Amino acid sequence: EPCHMNSLFSIRSLALAATAGLMFAAMPASAADAKVGFVSTDRVLRDSNPAKAAQKKLETEFASKEKELQEMVARLRGLSEKLERDSATMAESERSKRQREVADMERDLQRRQREFREDLNQRRNEELAAVVERANKAIRQIAEAEKYDVIFQEAVFASPRIDITDKVIRALNGPAAK
């Protein structure tokens, strides 16, 4: 199934590239001189100061919950090891009680880990959406100031000649970017 998705993605990418190529080939000479730019969204979301600040904010926000989960994992591991070590000398009722405690704690841990991942993903998406919004604003400003006709954010291939990612990152990192 994942291979199927990759091939669909590849076909879609090829179709987009072919369509873009046909569009440029079919343009009149004046339109063929269009000023084109490319921005790597991945690099912006990895290397810009707002993206780094968002990552730090998330790490700070979720540090105590993560520590709590790690402590819970350690307690569960300790309980499991103690049960394994002492089960031979325990009465059946005591062993069953402890096994239930371990199973209950394991379920609780899994639930908390799932909630943690969901909360973290939701907050990450919120923070990244804000960074993307700022990046798009910077891209529009650069496009207007430097008279770009089109700026792509996804491409199968982009020549370094048209890559304006560094300009966008500098615009986001600059003092006026706040």
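From 58, 79, 69, 83, grab the single residue that is open to solvent by 60 Å² or more (accessible area, probe 1.4 Å), among the hydrophobic types (A, V, I, L, M, F, W, C) and part of a helix (DSSP H, G or I). Result of the check over 58, 79, 69, 83: 79. From the list 115, 144, the lone residue that is farther than 28 Å from residue 55 by Cα, acidic (Asp, Glu) and free of Cβ contacts under 8 Å to residues at least 60 places away in the same chain is 144. Note on the stretch 134-154: residues that are outside any loop (DSSP other than H, G, I, E, B) and surrounded by 11 or more Cβ atoms within 10 Å (Cβ to Cβ) amount to 13. Across the stretch 155-178, the qualifying residues are those that are within 16 Å of residue 42 (Cα to Cα) and basic (Lys, Arg), and the one among them that is least open to solvent (accessible area, probe 1.4 Å) is 167.
Scanning the stretch 34-76 for residues that are out of contact with any Ser or Thr (no Cβ under 9 Å at 6 or more places or on another chain), under 30 Å from residue 142 (Cβ atoms) and among the aromatic types (Phe, Trp, Tyr) yields a count of 0. For the stretch 159-175, check the following and say yes or no: at least one residue is without any contact (Cβ under 8 Å) to a residue 12 or more places away in the chain, within 30 Å of residue 56 (Cα to Cα) and either in contact with a His (Cβ under 7 Å, 6 or more places away or on another chain) or part of a loop (DSSP other than H, G, I, E, B) (or both). The answer is yes; a qualifying residue exists.
Just give me the residues in the stretch 114-133 being under 15 Å from residue 72 (Cβ atoms) and surrounded by 15 or more Cβ atoms within 10 Å (Cβ to Cβ), in sequence order. Residue satisfying the conditions is 116 alone.
The values are calculated or read from the model by the stated rules, or taken from the named source; none is laboratory data. Quick caveat: nothing in here was measured; it's all calculated off a predicted structure. Heads up, the Cβs are rebuilt from the backbone with ideal geometry, glycines too, and the neighbour counts pull from every protein chain shown. Heads up: the accessible areas ignore ligands, DNA and RNA and are worked out on the full protein's heavy atoms, side chains in. Shrake-Rupley method; radii C 1.70, N 1.55, O 1.52, S 1.80 Å.
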